[in-house]
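Enquirer: Quick one: this structure, given as structure tokens, is what I'll be asking you about.
The values are calculated or read from the model by the stated rules, or taken from the named source; none is laboratory data. Just so it is clear, the structure is predicted and the values come from calculations on it, not from any experiment. Glycine gets a Cβ as well: all are built from the backbone with ideal geometry, and neighbour counts include every protein chain shown. When the accessible area is computed, the model is the full protein with side chains, heavy atoms only, and any ligands, DNA or RNA have been set aside. Shrake-Rupley method; radii C 1.70, N 1.55, O 1.52, S 1.80 Å.
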Amino acid sequence: MVNNFVMAAFCYYLFNQASGHPDLSKCHYFFSNIADHLLKDADVASEEILNRALTRSSKNRPLYCSDLLFFPCFHDEHWFVFVVDIKDRSFVFLDSYYALHDEYQADVRDRMIPNFKHWWKRCGLVDMGFNNYKLHYPYVPRQSATNYTDSGVYVMMFLEHWKSPRNSLFTLFKESDIPNLRIKFANDLLLSPKNSGRKDLVTNFEFADNEES
């Protein structure tokens, strides 16, 4: 299962790509703890955290001038993405396991959409007419019925490559690609110029000689 800190590092990695800054990409990638608060009742969620996330993000490019707001979410041991598609005026859910009519998705969207509207207004942001937005569940690559652990890798692919309901992700990957994608993402994060950790521990790693006793 992809950990929350790995997803946060990946969102930061996307932000730091050559075309990843919101001024160029017109996209904002929020850490998963923001989605956690969007799932909570308004009187329980942290106003400070949500206000800071929504208003500080606007300092790069105002949210209302963006095309896509991505909220990766880890709920009940499963990853999915809630997308506020401002360009196409839609609330989008990208989920590799649960679909529109599944109880899981019915529960999360009935909480996330009203709460997002509430906090957007509470933070004093520009009225975007969210009450008129459509609900959309795009057809995306899916996990098999017995696969309970790979949703995070699917979400990382959704975050990096999904841009609109008109683009297909099926030409990019399928379930059998997941093991290789895990390696790719690990390498991307490790070798990122923004990674200040000791990369030599991996790049210069040498196996000890196997001596016969």
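Enquirer: What size of dipole, in debye to the nearest 20, comes out for the range 56-151 about its Cα centre when the only charges are +1 on Lys and Arg C-beta atoms and -1 on Asp and Glu C-beta atoms?
Expert: 660
Enquirer: Still on this model: 7 Å from Cα along Cα→Cβ at both Ser19 and Asn131: what's the point-to-point distance in nm?
Expert: Between Ser19 and Asn131, the simple spin-label model gives 3.8 nm.
Enquirer: Of Lys40/Lys174; Lys87/Lys174; Lys117/Lys174; Lys40/Lys134; Lys121/Lys174, which pairs sit farther than 30 Å apart, going by alpha carbon to alpha carbon?
Expert: Lys40/Lys174; Lys117/Lys174; Lys121/Lys174
Enquirer: For the range 113-182, what Kirkwood radius comes out of the mean inverse Cα-Cα distance, in Å?
Expert: 14.7
Enquirer: Using 1/(1 + (r/R0)^6) with R0 = 41 angstrom and r between the beta carbons of Glu77 and Arg56, what's the FRET efficiency to the nearest 0.05?
Expert: 0.90
Enquirer: Another question, then. Once the Cα atoms of helix 151-161 and of the chain are each reduced to a long axis, what angle between those two axes, in degrees from 0 to 90 to the nearest 10, is obtained?
Expert: 70
Enquirer: Taking the simple approach of a point 7 Å from Cα along Cα-to-Cβ for both Ala99 and Lys194, what is their distance in nm?
Expert: In this crude spin-label approximation the distance works out to 3.6 nm.
Enquirer: Tell me, what is the 1.4 Å probe accessible area of His118, in Å² to the nearest 10?
Expert: Per-residue accessible area (His118): approximately 70 Å².
Enquirer: Computed over the Cα atoms of the chain, what is the ratio Rg over Rh, Rh following Kirkwood?
Expert: For the chain, the value is 1.01.
Enquirer: Taking all pairs of distinct Cα atoms, average 1/r, flip it, and tell me the Kirkwood hydrodynamic radius of the range 14-103 in Å to one decimal place.
Expert: Radius from the Kirkwood sum: 14.1 Å.
Enquirer: In square angstrom, what is the accessible area per residue of the chain with a 1.4 angstrom probe?
Expert: Solvent-accessible surface per residue comes out at 56 Å².
Enquirer: Mind grabbing the accessible area of Arg182 for me, 1.4 Å probe, Å², rounded to tens?
Expert: The value for Arg182 is about 90 Å².
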